[in-house]
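A short worksheet on the structure shown next.
The values are calculated or read from the model by the stated rules, or taken from the named source; none is laboratory data. No experiment lies behind these values; they were computed from the predicted model shown. FYI the Cβ positions are ideal-geometry reconstructions off the backbone, even for glycines, and counts take in every protein chain you see. Each accessible area value is taken on the protein alone, full model and side chains, heavy atoms only, with ligands, DNA and RNA left out. Shrake-Rupley method; radii C 1.70, N 1.55, O 1.52, S 1.80 Å.
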Amino acid sequence: SADGSSSSCCWLCLGDGPDASGIPLTRNCSCRGSSGFAHLSCIIRYAEIDGRNSFQSTGNIGAAFQECPNCKQEFQNDLRYHLERARVSFIEKEFSNDHMLYLRALIHRMRVLDVKSDVDKAEGDQICFKMISIIDEMKGHPSMQRDWKSGGFMKMEAVVLYVVGLFHMNIGSEENLREALDYFRRAVDLFTLLGDEINMMTAKKNISKVEAKLHGVEVYYDEGSNLKFSQKQYNYWFEKLGEHHPITIRRGELYAHALYCSNQGVAAERLLTKLAAISRQVHGPTHNCTLSATSALKDVKDRRVFIDSRRQWFNALKYENDGLSCVVKGPVVES
């Protein structure tokens with residue numbers, strides 16, 4: 001087959017066919033060629049063993065549920081979806097008394113749910129209730145109350161509020177949007193107390209989106225402020241995770257989009273060219289990051305500008321007066 005699975009075997013059990021349940025080999029990381037294929041059941045079994053060993057030595061369960069040990073990159077798509085569910089089940093069975101560990105797993109599970117699916121939406125509602133209940137339970141412990149800010153508990157509460165808000169925002173009904181506003185505002189208050197500027201600004205941006213949806217208007221972004229915010233986000237994740245991480249690449253795309261919307265098309269093209277090359281080298285040509293960055297680069301090369309007064313895109317033919325004015329053709333008719 002094109003992905004190499006027909007000539008591969010599970011790197012864990014060495015079997016080359018489906019597992020006992022009839023589920024075939026899978027691979028959704030950055031491995032290439034015939035490497036990295038495994039049965040989902042084998043990956044889960046391996047991650048549970050690794051998790052127990054890691055917990056004994058570090059107090060955490062390691063990264064085996066999220067990261068391929070061969071290419072050292074995160075799983076994606078359906079494989080990530082199933083492994084995040086398996087991680088929650090594993091912690092519920094063996095480490096449910098570790099509130100922070102449990103909350104981290106629930107947060108990551110929330111990030112792969114699709115609110116358009118009734119099953120995922122119902123699961124998301126249950127997880128939101130669990131997370132808020134766990135936070136309330138933690139606040140009832142005197143030792144945690146004393147160290148709520150310094151012990152990382154306040155940061156966890158802020159992230160939980162933000163994730164619950166995001167869930168309600170994505171559902172999009174009027175009732176859910178109003179709930180999202182409440183959760184985002186509470187998250188902003190906590191991020192502000194913590195001095196966490198990046199997450200505070202992100203939550204405020206979502207508040208603007210929700211308010212615009214509730215009032216039936218388009219979100220207004222000040223291009224200068226949006227550009228500075230996008231640059232800060234990209235630099236933050238670049239320093240925290242490195243240039244090759246999917247989150248950094250995605251934030252780089254958003255920064256490039258902000259550059260492009262500020263009529264800095266050349267800078268946007270240079271950044272996207274770099275991001276696409278990094279992703280292609282590290283993750284391969286068919287990885288989500290590579291496809292997204294390559295698509296964004298193609299769009300930027302079209303040299304379009306958005307005219308606010310017309311609310312339409314035009315093709316940029318040339319810039320004049322040191323970039324202060326632009327000769328355009330259009331509007332662009334989308335195919």
- Message: If I ask for residues that are of a type in the set (D, E, K, R) and farther than 24 Å from V332 by Cβ, which ones from region 264-315 would you list?
- Response: K274, R280
- Query: Yes or no: G165 in contact with a Phe, Trp or Tyr (Cβ under 8 Å, 6 or more places away or on another chain) and not polar (S, T, N, Q)?
  - Reply: yes
- Counting just the residues of region 56-94 that are among the charged types (D, E, K, R) and open to solvent by less than 60 Å² (accessible area, probe 1.4 Å), which one comes out nearest to H283 (Cα to Cα)? E84
- Message: Which count do you get for residues in region 119-131 that are open to solvent by less than 40 Å² (accessible area, probe 1.4 Å) and hydrophobic (A, V, I, L, M, F, W, C)?
- Response: 3
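Search region 179-188 for residues being open to solvent by 30 Å² or more (accessible area, probe 1.4 Å) and in contact with a helix residue (DSSP H, G or I) (Cβ under 7 Å, 6 or more places away or on another chain), and hand back the single one that is nearest to A203 (Cα to Cα).
Going through the qualifying residues, I end up with R185.
In region 136-152, is there at least one residue being under 17 Å from F184 (Cα atoms) and open to solvent by less than 30 Å² (accessible area, probe 1.4 Å)?
no
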- Which condition number does D50 fail, the rest of (1) open to solvent by 60 Å² or more (accessible area, probe 1.4 Å); (2) over 29 Å from R280 (Cα atoms); (3) charged (D, E, K, R); (4) in contact with a Gly (Cβ under 7 Å, 6 or more places away or on another chain) being met? (1)
- Message: If a residue counts only when it is of a type in the set (K, R), which helices (runs of 4 or more DSSP H) contained entirely in region 138-240 have at least 3 such residues?
- Response: 174-194, 197-215
- Message: Among the residues of region 224-233, are any surrounded by 15 or more Cβ atoms within 10 Å (Cβ to Cβ), under 30 Å from S117 (Cβ atoms), within 21 Å of the chain's Cα centre (by Cα) and aliphatic (A, V, I, L, M)?
- Response: no
- Note on the structure: Those residues of region 11-47 that are under 25 Å from A105 (Cβ atoms) and either assigned to a loop (DSSP other than H, G, I, E, B) or open to solvent by less than 20 Å² (accessible area, probe 1.4 Å) (or both) come to a total of 16
- What number of residues in region 153-171 are open to solvent by less than 60 Å² (accessible area, probe 1.4 Å) and farther than 15 Å from L190 by Cα? 5
- Query: Would you call I135 farther than 26 Å from F167 by Cβ, assigned to a helix (DSSP H, G or I) and among the β-branched types (V, I, T)?
  - Reply: no
- Message: Could you check region 152-206 and list, in sequence order, the residues that are of a type in the set (K, R) and farther than 20 Å from Q126 by Cα?
- Response: K155, R185, R186, K204, K205
- Provide a single number: the residues in region 95-107 that are modelled with pLDDT of 95 or more and open to solvent by 50 Å² or more (accessible area, probe 1.4 Å). 1
